[in-house]
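S.K.: A single structure is presented below for examination.
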Amino acid sequence: MGINTYNLQSIKKELQHLSSSQISDLCLRLAKYKKENKELLSYLLFEADNETGYTDGVKQEIDLLFSSLPSHSYYQAKALRKALKLITKHTKFMASKPAEIDLLLHYCKQYVLFIDRRTGYKPLRQLLNKQLEKTKKLMSALHEDLQYDFQTDFEKVVEQAAEKLSWINKHDYV
């Protein structure tokens, strides 16, 4: 027999009936079982008030991953997917579209700087294409003022990519 899983609304109502010490015990118990739960709790408690500092820290991690890229295309693609997983995890914690766009733009900039322009490995090429498409889609969902702020950075990244990488068509994204 499996354990019943209740919906979020039921859990929220039940949490309102608990004391603060019981809630803190539940949070600590949750943090014990999954590393991601512990990371999310750490973010919410210690980092949530300083989003720009947090995104800068994530950017440094991305820079470190790019600076230690292997030379073989297959392993480069694996390392780049690892960087994308890192971005996805941290943007899930932050729950902020502008921060996600900022991190994706940084990823794309680093890609243009570090990846060999002569690569013929299609999965490696698709990583940049997919992130540019994703960034463009995310930007279209933002408020017009924020769209304008990110649009100039996005256009710069696309232009740099089109100059350096022959397989990027600038007109597909701008």
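The values are calculated or read from the model by the stated rules, or taken from the named source; none is laboratory data. Only a predicted model underlies this, so the values are computations on that prediction, with no experimental measurement involved. FYI the Cβ positions are ideal-geometry reconstructions off the backbone, even for glycines, and counts take in every protein chain you see.
S.K.: Out of all the residues in the stretch 128-174, which are hydrophobic (A, V, I, L, M, F, W, C), modelled with pLDDT of 90 or more and in a helix (DSSP H, G or I)? Walk me through how you get there before you give the answer.
M.R.: If we filter the stretch 128-174 for residues that are hydrophobic (A, V, I, L, M, F, W, C), which is where we start, we get 128, 132, 138-139, 141-142, 146, 150, 154, 157-158, 161-162, 165, 167-168, 174.
From what's left, modelled with pLDDT of 90 or more: 128, 132, 138-139, 141-142, 150, 154, 157-158, 161-162.
The answer is Leu128, Leu132, Leu138, Met139, Phe150, Phe154, Val157, Val158, Ala161, Ala162.
S.K.: For the structure I just gave you, tell me whether Ile101 is within 16 Å of Gln76 (Cα to Cα) and aliphatic (A, V, I, L, M).
M.R.: Details: within 16 Å of Gln76 (Cα to Cα): no; aliphatic (A, V, I, L, M): yes.
So Ile101 does not fit the description; no.
S.K.: Restricting to the stretch 96-128, name every residue that is closer than 15 Å to Val157 by Cα and of a type in the set (Gly, Ala, Ser).
M.R.: none
S.K.: Working only within the stretch 103-133, note down all residues that are of a type in the set (Lys, Arg), more than 22 Å from Gly57 (Cβ to Cβ) and surrounded by 15 or more Cβ atoms within 10 Å (Cβ to Cβ). Working first, answer last.
M.R.: The first filter runs over the stretch 103-133 and keeps only residues of a type in the set (Lys, Arg), leaving 109, 117-118, 122, 125, 130.
Still in the list and also more than 22 Å from Gly57 (Cβ to Cβ): 117-118, 122, 125, 130.
If the condition is that a residue be of a type in the set (Lys, Arg), more than 22 Å from Gly57 (Cβ to Cβ) and surrounded by 15 or more Cβ atoms within 10 Å (Cβ to Cβ), then Arg125 is the only one that fits.
S.K.: Right, here's the next one. Of all residues in the stretch 135-174, which are surrounded by 12 or more Cβ atoms within 10 Å (Cβ to Cβ) and among the aliphatic types (A, V, I, L, M)?
M.R.: Leu138, Met139, Leu142, Leu146, Val157, Val158, Ala161, Ala162, Leu165, Ile168, Val174
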